[in-house]
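Working notes for the structure below.
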Amino acid sequence: MEVKVYVEGVHRIVCGVTEKTTCQEVVIALAQALGRTGRYTLREKFKEYERNVTPDERLLEALEKYGEQAKEVQLTLKHIGPSHGEETNQPKAQMRPLTKVYRRTLRFNTNPGCAREYSRQK
């Protein structure tokens, strides 16, 4: 069976989907076909209802729950981040030397909601 999935606004067709095909297998097939790496999820949208399909969920089984309205279900591949260990192009935080050390102690009164903060610079 074929399943239509939106990828960046374009319909992609995944062929060979069976009752045993999982969401994870569809996501991997799409990512490999596009030559992309990263973490992805498959979003299922039906009218106002939208959810992430779980990786081990059988895709055709999930669509069968909608009966004749299954053709109205929209599946979308969403990129949710880089792969574990994959570097991003974002700059790393720079470390600055610490010039002053402040020590703070919170002392609580036995009266609930009454707290005082005492600060002392060393």
Taking amide H atoms as placed 1.01 Å from N in the peptide plane, list the residues 5 or more away in sequence, or in a different chain, whose amide H sits under 5 Å from that of GLU57. CYS23, GLN24
What is the extension gain from GLU61 to ILE28, computed as 0.36 nm multiplied by their sequence separation minus the C-alpha to C-alpha distance, in nm to one decimal? 10.0 nm
Would you tell me the accessible area of THR37, worked out with a 1.4 angstrom probe on the heavy atoms of the protein chains, in Å² to the nearest 10? 90
So, with points 7 Å from each Cα along the Cβ direction, the THR76-LYS45 label distance in nm works out to 0.3
List the trypsin sites (Lys or Arg not before Pro) in region 1-91 that DSSP assigns to loop (not H, G, I, E or B) and whose Cβ has at most 11 other Cβ atoms within 10 Å. Which are they? LYS20, LYS47, LYS65
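The values are calculated or read from the model by the stated rules, or taken from the named source; none is laboratory data. The shown structure was predicted, so the numbers you read here are calculated from the model rather than taken from an experiment. Methodologically, a virtual Cβ is constructed for each residue, glycine included, from the backbone with ideal geometry; neighbour enumeration extends over all protein chains shown. Note: areas computed on protein heavy atoms with side chains; ligands, DNA, RNA excluded. Shrake-Rupley method; radii C 1.70, N 1.55, O 1.52, S 1.80 Å.
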